[in-house]
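The values are calculated or read from the model by the stated rules, or taken from the named source; none is laboratory data. Note that the coordinates shown come from a computational prediction; the quantities given were computed from them, not determined experimentally. No Cβ is skipped: glycine too gets one built from the backbone with ideal geometry, and neighbour counts run over all protein chains shown. When the accessible area is computed, the model is the full protein with side chains, heavy atoms only, and any ligands, DNA or RNA have been set aside. Shrake-Rupley method; radii C 1.70, N 1.55, O 1.52, S 1.80 Å.
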Amino acid sequence: MDTRITIAVSFLLLVGCGTGGDLAQEYEAAFTDPEVARIYTRMMETMAPDRGWERARYLEFDWAIGNTTRHHRWDRWEGDVRYEVETQGQNLVALFNANEPTVGRVWLDGVELEGQDAEERLAGAYRAHINDSYWLIMPYKWADPGVTTQYLGEQTDAAGQSWEVVELAFTEDTGLTPQNRYHAFVNPTTGLMERWHHFSNADADPSPSDWTDWQQYGPIQLAENRRTDGAVRIHFPHLRVETSVPEGVFDPPAN
């Protein structure tokens, strides 16, 4: 696997459900750059009208690349996560809370692990959840604490497509890899982020991905595919978004 793909990025902010208020005014206060506030306000109104992101409590998603698929079930409000993956022919299930990821339970082929093995598997599950979630919902997270943004202006690519470009960076104490940074390319026609460039550090070459096939899931839109040079690199074969948590999704696996 291309090591640039497994990006342990940024933290996951758990946002409660709010009501009322003017988004433009809120984002003007959240961003020091008024151009970023303008772009983000329109993007949020396009992706998640009527404060859809705040109402999107429960996310199910499968992150897939090649022969690997990782299954995530996530209560954004409470932080509860169920993570499942096949590893070396065995089925691993982890239950933990993203707010306190070192506390949780792990099963391998139905047998609960303990001690150092459980700790290491739990840490790996948390890293995968952070990484995979960011690949899914990064456009929603520009206003998170610890994220710094800068408007880079308008750019036109070789195909003649115009973009408005915003740089995202992180403060030193933010997330697992604060040295990462991103250039977000927003299509001024659709209002959606349809491309990003990931930089592993300030001096790195960009790793580009196009965010394609935006679809409605519950109260929000999500992009189903990440393409590089036209080919699907990462995709989400299963997506589900609900305003409430389905019963039993965080129960321990049956013996």
Selection within the stretch 101-120 - small (G, A, S), buried (at least 17 other Cβ atoms within 10 Å of the Cβ) and not in a helix (DSSP H, G or I): G104
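When you check L136 against the structure, is it closer than 20 Å to W74 by Cα, over 15 Å from the mean Cα position of the chain (by Cα) and not β-branched (V, I, T), yes or no?
Values: closer than 20 Å to W74 by Cα: yes; over 15 Å from the mean Cα position of the chain (by Cα): no; not β-branched (V, I, T): yes.
Against the criterion (closer than 20 Å to W74 by Cα, over 15 Å from the mean Cα position of the chain (by Cα) and not β-branched (V, I, T)), L136 does not qualify.
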query: Which one is farthest from E167 (Cα to Cα) among residues in the stretch 234-247 that are open to solvent by less than 40 Å² (accessible area, probe 1.4 Å) and of a type outside the set (V, I, T)?
result: P246
- request: Would you be able to tell me the number of residues in the stretch 192-213 that are surrounded by fewer than 18 Cβ atoms within 10 Å (Cβ to Cβ) and part of a strand (DSSP E or B)?
  value: 5
task: State which residue pairs qualify: first residue of a type in the set (D, E) and inside the stretch 227-255, second residue open to solvent by less than 60 Å² (accessible area, probe 1.4 Å) and at pLDDT 95 or above in any location, beta carbons under 7 Å apart, and separation of 6 or more residues or different chains.
output: E242/R57; E242/Y58; E242/G218
query: Can you name the number of the only condition in (1) closer than 26 Å to A30 by Cβ; (2) at pLDDT below 95; (3) open to solvent by 30 Å² or more (accessible area, probe 1.4 Å) that A169 fails?
result: (3)
- prompt: Taking the condition surrounded by 19 or more Cβ atoms within 10 Å (Cβ to Cβ) and among the small types (G, A, S), does A223 pass?
  reply: yes
message: Looking only at the stretch 66-80, count every residue that is open to solvent by less than 30 Å² (accessible area, probe 1.4 Å), in contact with a Lys or Arg (Cβ under 7 Å, 6 or more places away or on another chain) and not basic (K, R) and tell me the total.
response: 1
- prompt: Could you give every pair whose Cβ atoms fall below 8 Å, whose first residue belongs to the stretch 71-88 and is outside any strand (DSSP E or B), and whose second residue is acidic (D, E) and open to solvent by 60 Å² or more (accessible area, probe 1.4 Å), counting only separations of at least 6 or pairs across chains?
  reply: G79/E100
query: Quick one: which of A143, A123, A98 is in contact with a strand residue (DSSP E or B) (Cβ under 6 Å, 6 or more places away or on another chain) and either within 30 Å of D213 (Cα to Cα) or open to solvent by 20 Å² or more (accessible area, probe 1.4 Å) (or both)?
result: A98
query: In the stretch 107-125, which residues are closer than 18 Å to R70 by Cβ and touching a residue at least 40 places away in the same chain (Cβ under 8 Å)?
result: W107, A125
